Structures are given as C-alpha cells and as structure tokens.
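For reference, the structure is listed below as structure tokens.
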Amino acid sequence: MIARIDSQLKFRDIQEKLQEEVKLMKEKNPDFEPVLAIVQVGAREDSNVYIRMKKKVAAEVGVATKHVQLPRSLSESEILTEVQKLNEDSKIHGIIVQLPLDTDKPVDAKRITNAVSPSKDVDGICDENAGRLSHGELEGYFIACTPLGCLELIKRSGVTIKGSNASVVKDADIIVAAVGQAQMVKKDWVKPGAVVIDCGINSIKDETKKSGYRLVGDVDYDEVKDVASSITPVPGGVGPMTVIMLVKNTVYAAKLALQKSSSP
C-alpha cells in the first residue's frame, strides 16, 4: 500500500525540538537572540512568498529575522558590500541570499552567494561548505537545506539508506527527483517499492482551478504512487522541510557563535 510521506508531522517534530533548544539558549543567555538575515534584491512576488514563509517559521521557533531588501538598481559591487556588512555584524548568525536575484544590471549570483561567510552560510551553498560536504566533513559546517531536508524525510520515514542502491536507472531503491521539469518521472521509471522524494515545484495549466494552474512536482504523482512504497506530495512535501532545515542551521550557527564568544 502506498504511503504518502507526511512531512508536516516531521516538520512539527523538528520545530518543537528547535523551540526547546532556543528557549534553553535564551534562558542561559538572556541578552542573546539567534538572528537570520535574508538578503533580497528586487521584489519578485514568488520570492516574497518564500521570504514570508521563512520569517514565519523562524519566528515560531524563536529566531529573529532581518529582511535586507535591496533595490534592483544596485550593482554587483554594491550588493557585495551589503553582504559584507552582514558578515561583519556579530549579531547576525545566519545569512541567506534569496534567489533568483531581481536586478537591472548584470550580477553574478554565484559571486554573491560565495561572498557569504562560510560560518554564516546557513543555506549551505557557498563553495567552501559544499566542498567540505563532498569530502564528508559534516561537523561545524552547513549542509544545503534541500538535500538535508530530503535526508531528514527519508530517515524519519523509517527508510534504511545503508545498503540501498544508488543509481540513475530503474534499480534505485530511493529516488530524489530535482530536474525542474513537470511530471518527468513516470511509473515505468520506478522500481516497485522504491521511496520517492520529489524536490520539484512546477506550475501547469488546470482550468478546474480558480487560478488557472496548479502546482506539481518533477514526479508524476498519480502514476508513480501505484508502484512506490512511499512518496512525498507537491506541494507540502520537501518545501516545508527545506525551510525548517534553514532555521535549524541558523540555530546551530547561533550555538557556534555562543561557544566562540564564551571560549577563553
């Protein structure tokens, strides 16, 4: 029988643990508050939606947010200057650059995300953090939020990773889809009993909806649910886990900052 992976239940479990962690942190350090800075260039509406979600989840855990919204007219060097200010601000523990950048002038987004200090890169995407992860260095650094969220979903669903087949063909025991193409993964691609984690989010036309469209993943859910043992829905699957992992990384960054400030 198909098991729809309930990410909301897992989300709440992680959220409650983080709330307790932050509460204890503040009790021991009354003047201390974990802070996440969200850097936005321009004002894309889809970015606004994601930022509101991040701010809401952070607030529920007890993490403060600083929304740094920059005008789209800024040059690359001006944006880099703003990021550096946050790097140097000891009250900021985590920084995320909201992508895509909404700019009037040519800006290298990779250069902007790499400008974030690795010790504050709670999105886990700068070259140093990504490189350390590739070497298996997991302590003291940050893992990118979406893959970290996927791993949490898999582990908390009782799925055994060790010994599973890692492949790009039908032999895969666990499939993580992140290709950016609506409903690309079909039933005949999937091994019976496989666990399917869908990271995609795409809009397709749907005249039955008031908006005229609906959101789907990179997996054809209606087809694949017939062969998979477990599958994440879209929306509501990986997305919430990605956000809570961002907040979890911020709490971790704040703990590291506290340890550093209290060490002789």
*asked:* Just checking, does region 188-199 include any residue being touching a Lys or Arg at 6+ places or on another chain (Cβ under 9 Å), part of a helix (DSSP H, G or I), of a type outside the set (Phe, Trp, Tyr) and in contact (Cβ under 8 Å) with a residue 24 or more places away in the chain?
replied: no
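From Leu86, Leu36, grab the single residue that is touching a strand residue (DSSP E or B) at 6+ places or on another chain (Cβ under 9 Å), open to solvent by less than 20 Å² (accessible area, probe 1.4 Å) and in a strand (DSSP E or B).
Leu36
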*Considering (1) under 24 Å from Arg12 (Cβ atoms); (2) touching a residue at least 24 places away in the same chain (Cβ under 8 Å), say which one Lys155 fails and leave the rest.*
(2)
*Can you tell which of Asp198, Asp220 is surrounded by 18 or more Cβ atoms within 10 Å (Cβ to Cβ), over 30 Å from Lys26 (Cα atoms) and within 17 Å of the chain's Cα centre (by Cα)?*
Asp198
*For region 136-146, which residues satisfy the criterion of being among the small types (Gly, Ala, Ser) and crowded, with 18+ Cβ neighbours inside 10 Å?*
Ala144
*Single residue of Lys110, Lys91, Lys186, Lys120 found to be over 30 Å from Leu256 (Cα atoms), of a type in the set (D, E, K, R) and either buried (at least 18 other Cβ atoms within 10 Å of the Cβ) or touching an Asp or Glu at 6+ places or on another chain (Cβ under 9 Å) (or both)*: Lys186
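Conditions (1) open to solvent by 60 Å² or more (accessible area, probe 1.4 Å); (2) assigned to a loop (DSSP other than H, G, I, E, B); (3) in contact with a strand residue (DSSP E or B) (Cβ under 6 Å, 6 or more places away or on another chain), marked per residue:
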site	(1), (2), (3)
Leu148	no, no, no
Glu152	no, no, no
Gly158	yes, yes, no
Asn165	yes, yes, no
Val169	yes, yes, no
Ala172	no, yes, no
Val179	yes, yes, no
*Is region 15-27 home to any residue that is closer than 20 Å to Asp121 by Cβ, touching a strand residue (DSSP E or B) at 6+ places or on another chain (Cβ under 9 Å) and crowded, with 21+ Cβ neighbours inside 10 Å?*
no
*asked:* Within region 173-182, does at least one residue satisfy the condition of being among the β-branched types (Val, Ile, Thr), over 18 Å from the mean Cα position of the chain (by Cα) and under 21 Å from Gly136 (Cβ atoms)?
replied: yes
*Considering each of Val22, Val49, Val68 in turn, give the residue that is under 30 Å from Val107 (Cα atoms) and assigned to a helix (DSSP H, G or I).*
Val49
*Tell me, please, whether a residue that is farther than 21 Å from Gln15 by Cα and either within 23 Å of the chain's Cα centre (by Cα) or open to solvent by 40 Å² or more (accessible area, probe 1.4 Å) (or both) can be found in region 237-252.*
no
*asked:* As an exercise: evaluate Glu82 against (1) under 20 Å from Ala43 (Cβ atoms); (2) under 19 Å from the mean Cα position of the chain (by Cα); (3) not polar (S, T, N, Q) and give the number of the one condition it does not meet.
replied: (2)
*The listed residue being over 20 Å from Val247 (Cα atoms), crowded, with 19+ Cβ neighbours inside 10 Å and at pLDDT below 95, out of Ile5, Ile79*: Ile5
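The values are calculated or read from the model by the stated rules, or taken from the named source; none is laboratory data. On a predicted model such as this, the values are computed, not experimentally measured, just so you know. All Cβ positions, even for glycine, are placed from backbone atoms using ideal geometry, and neighbour counts span all protein chains on display. Surface areas here come from the heavy atoms of the whole protein model, side chains and all, with no ligands, DNA or RNA. Shrake-Rupley method; radii C 1.70, N 1.55, O 1.52, S 1.80 Å.
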